[in-house]
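Heads up: the structure comes next, in C-alpha cells.
Each reported figure results from applying straightforward, stated rules to the coordinates on display, with no laboratory input. Values in this document were obtained by computation on a predicted structure and should not be read as measured data. Counting neighbours? That spans all protein chains shown, and the Cβs are built from the backbone with ideal geometry, glycine included.
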Amino acid sequence: MPTLAIVGAQWGDEGKGKVTDYLAARADMVVRYQGGANAGHTVVFRGETFRLHHVPSGIFYPGTICLIGNGVVVDPEHLLQEIDELEARGIDTRSLFISDRAQVIMPYHKEQDRLEEEVRGDRRLGTTGRGIGPCYADKVARYGIRMIDLLDRASLAEALDRVLPIKNRLLRQVFHHPGFEKEVLLNQFLAYGERLRGRIVDTVTLVNEAAEAGKRILFEGAQGTLLDIDYGTYPFVTSSSPTAGGVSVGSGLGPTRLQGVLGVAKAYATRVGEGPFPSEEKGELGARLRQRGQEFGTTTGRPRRCGWFDAVVGRFAVRVNGITGLAITKLDVLDGFEKVRICVGYRYGGQVRRTLPTDLRLLAQSQPVYEELPGWEQTRGARTFSELPAAAQRYLEALADLCGAPIALVSVGYDRDETIVVRPDLLLL
Ligand code: IMP
C-alpha cells in the first residue's frame, strides 16, 4: 500500500505539478483532495506546457487513474473546458473520475467572491475570484450542491430550492445584484451533469479498493501550508485544508493508511495575493527572482511576490504536515547568485522568534534574521546530488537541517529529466 501525499510547504506554487507528474510515472492513481480551479499546476510534457486547474497531474500517463476527491470544489463548466482542451491536445482523459460527493461551484459563488472582495476594498484578500470561499462556506452551511445532484433533475431542483431563496435574498438585498433564476441554473447544470455522467462516481470506494490492492497512490495537494484555513496566515488563506490532514477528509482514505508526506518547497519563496511575507524582497532582488523563476500566477497571471527561503515556515510545515521528505524545486533559479540567504528567525521587539507567530501584526512587523551562504554557478544539467556544485549541496543540507526533514528530491529545471532523486525510499519509488 504505497501511499504518498504531495503537499505545498510554503504559500502555494511550489512546483507540486511537476513533482506529481514526475512521480506519477510509477503511480497507479493520483488523487486531488482539496481546492478547486484556484489551483494552477504547470506540467511540461513533450516540450509543451500544460496548465491544470482541476485535473490531477497524473493525466499524462495513460492508464493512471486520476480522481478529483470529495474535498475538491468543482466548477463543471471550467472542468469540461479543461477536459476538452486536454483531449484536443491529444491527451486521453478517460481515466479521470470525479467524486459524487464533491461540492459544485455555482455562478453565484463567483459573483459573491467578486462582490465581497469589492466591499473589502483595501482589506481585500486577493482571492483568485473562482468562487472558492463562498462554495466551501455553503458546504459547511449545509446548502451546497454536490456533483451527484447534477445527475438527477429532481435532486438538483430540490438542492436549488434549498439554497436559492437565501442566496438571492443576500445578492439582491445586500449587493443589489439581480440574482439567479432556478430554471436557468437547473438546465445549465443538468447539461454539465449529462456530459460528466460516467465520470461522477463513488471515489471513496475506488481509493480504498486501490489501497487494499496494494496500488501506488499519490495525493496531490493544491495551494500550500501557509494558505491552509487552519494553519495559514488567516484570514489571508484559502478556504480548504491543503495540509496532509486534508488528505483523509478530502479523499476518504483513513489517516493510518497514508505512508509518507512529501513537502514541496521552492529553493526561495513566493506568494500571490495579500498577507504577510517576512522574507519578501521588494526591490531589485525580488524582481530578479521573479524574472528568472518566471513567477507569474498560473491562474490569474498576477506577478508573484518573491523573497528568500523561510526556514521558520519550513519547520512549521514539516511539523503540521508530518513531512517525511522534502522536494526542493527551482534550485536553478538561484544559479549565479553570489550569496544566498535563508531566513532562520524573526526579530520583533528586541527578541528573535524561531516559531511562526499566530499574530499577523507581529509577523508583518518582524524583521527576518538571515543566515548567508556562498552561492554557486550552475545546477542546471546536474542529474545526481553529487553532480551539484558543493555550495548548492551545502545550501540543501542547511535547508534540511533547519526545517527538520531530509531532502528526497531536487528539481533543477522544468523538464521531467531535470530532476534529482536523492532518497528514492522517501518517494516510495
Ligand atoms: P482563493 O483560494 O481564491 O479564495 O484565494 C485565497 C488566497 O489564496 C489568495 O491569496 C490567493 O492568491 C491564494 N491562492 C489560492 N490558490 C492559490 C494557488 O494555487 N497558488 C497560490 N496562491 C493561491
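What dipole magnitude, in Debye to the nearest 20, does the range 103-196 give about its Cα centre under +1 on Lys/Arg Cβ and -1 on Asp/Glu Cβ?
Using Cβ point charges on Lys, Arg, Asp and Glu, the range 103-196 gives about 220 debye.
Fewest Cβ neighbours within 10 Å first, please rank Leu115, Leu227, Leu253, Leu80 accordingly.
Leu80, Leu115, Leu253, Leu227
Sorted by average packing, counted as other Cβ atoms within 10 angstrom per residue and highest first, what order do 383-392, 285-294 take?
Per-residue mean Cβ counts within 10 Å order the peptides as 285-294, 383-392.
Test of understanding: ordering Thr127, Thr205 by Cβ neighbours within 10 Å, fewest first, what list do you get?
Least crowded to most crowded, the residues run Thr205, Thr127.
Please report how many Lys pairs in the chain have alpha carbons closer than 23 angstrom, counting only residues at least 8 apart along the chain or sitting on separate chains.
The result is 18.
Within 10 Å of each candidate Cβ there may be at most 15 other Cβ atoms; applying that plus a DSSP loop requirement, which GluC sites (Glu not before Pro) in the range 284-347 survive?
Sparse-neighbourhood loop GluC sites (Glu not before Pro): Glu338.
Across bins of 10 angstrom width beginning at 0, how are the C-alpha pair distances of the range 247-397 distributed, in whole percent?
10, 34, 35, 18, 3
Which values, in whole Å and largest first, are the semi-axes of the equivalent ellipsoid of the chain obtained as the square root of 5 times each eigenvalue of the Cα gyration tensor?
Working through the eigenvalues yields semi-axes of 36, 26, 18 Å.
Enter the Cα centre distance for the pair the range 72-87 and the range 93-125, rounded to the nearest angstrom.
Result: 14 Å between the Cα centres.
What are the ³J(HN,Hα) couplings of the range 417-429, residue after residue, when phi is run through the Karplus curve with 6.51, -1.76, 1.60 and θ = phi - 60°? Round to Hz, x for glycine and proline.
7, 8, 9, 10, 8, 9, 10, x, 4, 7, 9, 6, 7
Show the residues, 5+ positions off or on another chain, whose built amide H is closer than 5 Å to the amide H of Ala269.
Gly307, Trp308, Phe309
Ranked from highest to lowest mean number of other Cβ atoms within 10 Å per residue, what is the order of the peptides 219-225, 324-330?
219-225, 324-330
Search the structure for amide H atoms under 5 Å from the amide H of Val30, placed 1.01 Å from N in the peptide plane, and list their residues when 5 or more places away or on another chain.
Ile65, Cys66, Leu67, Leu218
Within 10 Å, count the other beta carbons around each residue, average over each peptide in 151-158, 372-379, 404-411, and list them highest first.
404-411, 372-379, 151-158
Per DSSP helix of 4 or more residues, -39500 (n - 2.57); summed, then divided by the residues of the chain. What does that give at 222 nm, rounded to the nearest 500?
That comes out to -9500 deg cm²/dmol.
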